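The values are calculated or read from the model by the stated rules, or taken from the named source; none is laboratory data. The shown structure was predicted, so the numbers you read here are calculated from the model rather than taken from an experiment. Cβ: placed from backbone, ideal geometry, glycine included. Neighbour counts: every protein chain shown. These accessible areas exclude ligands, DNA and RNA; they are computed on the full protein's heavy atoms, side chains included. Shrake-Rupley method; radii C 1.70, N 1.55, O 1.52, S 1.80 Å.
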Amino acid sequence: MHCPFCRHPDSRVVDSREYDDGAAIRRRRSCPECGRRFTTVETPALAVVKRSGATEPFSRAKVVAGVRKACSGRPVSEDALAVLAQQVEEAVRASGCAEVPAHEVGLAILAPLRDLDEVAYMRFASVYRSFSSLADFEGEIAELRAHQTSAASSAALACAAEVEPSHVLKFAGTHDPAPPPVHATTAAP
């Protein structure tokens, strides 16, 4: 690593720490020539392969810009868009590949966008999946409703699991009788 002050071609690592929730490494370095210290942030390279075959570095800003168009006029905050972009990057990095097709990035956007805003999801999906007829929209709306129904039933089951059934008796309270004694019995051999 070249020193940014004197351009000396070597530096010594003084300290290394995780950065950005473990997505990068922050290193404090010292130049042996001029003695000054500087910081570097190292992230694993992630490239997106476009349809034309060209590659470019993955950019959260491009994800946010694309989703922002779909969210136009919707009550979606910039913070929510930043979180969505982070979720997309984490999903793409989880594939373990250094180069990811642009199509995979688009697919990674759909799920978090569906959870964020349904109208924005429909807008994005209609462009991304090249809807050409009303039937395409109807099919996607049916899938969206099915997803809502399954999500609602999952949430209801989670709430039901947390609520104690009313038919369960409690013992050992100040006014409750003691539970019947349990005797261990052994079976004869």
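The C-beta contact set for the range 57-75 (first residue closer than 14 Å to Arg123 by Cβ and of a type in the set (S, T, N, Q), second residue open to solvent by less than 30 Å² (accessible area, probe 1.4 Å) and in a helix (DSSP H, G or I), distance under 9 angstrom, 6+ apart or interchain) comprises Ser72/Ala120. A search for C-beta distances below 7 Å between a residue of the range 140-159 that is closer than 22 Å to Met122 by Cβ and part of a helix (DSSP H, G or I) and any residue that is open to solvent by 70 Å² or more (accessible area, probe 1.4 Å) and at pLDDT 80 or above, counting only pairs 6+ apart in sequence or on different chains, returns Leu144/Glu118.
How many residues, within the range 3-27, are open to solvent by less than 90 Å² (accessible area, probe 1.4 Å) and either in contact with a Lys or Arg (Cβ under 6 Å, 6 or more places away or on another chain) or of a type outside the set (D, E, K, R) (or both)? Outline the logic, then answer.
As a first pass, look at the range 3-27 and keep what is open to solvent by less than 90 Å² (accessible area, probe 1.4 Å): 3-4, 6, 8-11, 13-16, 20, 22-27.
Among the residues that remain, those that are also either in contact with a Lys or Arg (Cβ under 6 Å, 6 or more places away or on another chain) or of a type outside the set (D, E, K, R) (or both) are: 3-4, 6, 8-9, 11, 13-16, 22-26.
Qualifying residue count for the region: 15.
When Leu113 is tested against the conditions (1) more than 24 Å from Glu143 (Cα to Cα); (2) under 14 Å from the mean Cα position of the chain (by Cα), the lone failure is (1).
Any idea how many residues of the range 97-121 are open to solvent by less than 30 Å² (accessible area, probe 1.4 Å), within 16 Å of Val67 (Cβ to Cβ) and not acidic (Asp, Glu)? Let's see the steps before the verdict.
Applying the first criterion (open to solvent by less than 30 Å² (accessible area, probe 1.4 Å)) to the range 97-121 yields 100, 105-106, 108-110, 112-113, 117, 120-121.
Filter again for within 16 Å of Val67 (Cβ to Cβ), leaving 105-106, 108-110, 112-113, 117, 120-121.
Imposing the further condition that a residue be not acidic (Asp, Glu) reduces the set to 105-106, 108-110, 112-113, 120-121.
The qualifying residues number 9.
Selection of the range 43-58 for residues being in a loop (DSSP other than H, G, I, E, B), surrounded by 14 or more Cβ atoms within 10 Å (Cβ to Cβ) and at pLDDT 90 or above yields only Phe58.
With respect to Ala65, determine if the residue is more than 16 Å from the chain's Cα centre (by Cα) and closer than 19 Å to Tyr128 by Cβ.
Details: more than 16 Å from the chain's Cα centre (by Cα): yes; closer than 19 Å to Tyr128 by Cβ: yes.
So Ala65 passes the test.
Of the numbered criteria (1) open to solvent by less than 30 Å² (accessible area, probe 1.4 Å); (2) part of a helix (DSSP H, G or I), the one Thr40 fails is (2).
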